[in-house]
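Below: one structure, written as C-alpha cells.
The values are calculated or read from the model by the stated rules, or taken from the named source; none is laboratory data. Being a predicted model, the structure only gives us computed values, none of them experimental. Glycine gets a Cβ as well: all are built from the backbone with ideal geometry, and neighbour counts include every protein chain shown.
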C-alpha cells in the first residue's frame, strides 16, 4: 500500500479491457445536461476511463449535489 495519497504514476494503471497503460487526458464528464472537461486516466486505444475513488466520492459528489439542488 502507498504511504501517501499521491496519484500513482501513469504506468501503474492498466486498462482492464486492452491491458495498455492508462494515460492522463481530457475527458468530458456529463451530469444532468452539464458537461465538464476533466483530466482523468484513460486508455488511448478503447477510451475506457478510470475515475479514482477520492475524486468520485469527493469533488464529483459535491458537483452532483450542487447541480441537483438547482
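Brief remarks on what is shown
- Scanning the stretch 33-47 for residues that are closer than 18 Å to residue 15 by Cβ and loosely packed, with under 11 Cβ neighbours inside 10 Å gives a single hit, 39.
- Checking each residue in the stretch 12-27 for being over 16 Å from residue 45 (Cβ atoms) and at pLDDT 90 or above picks out only 26.
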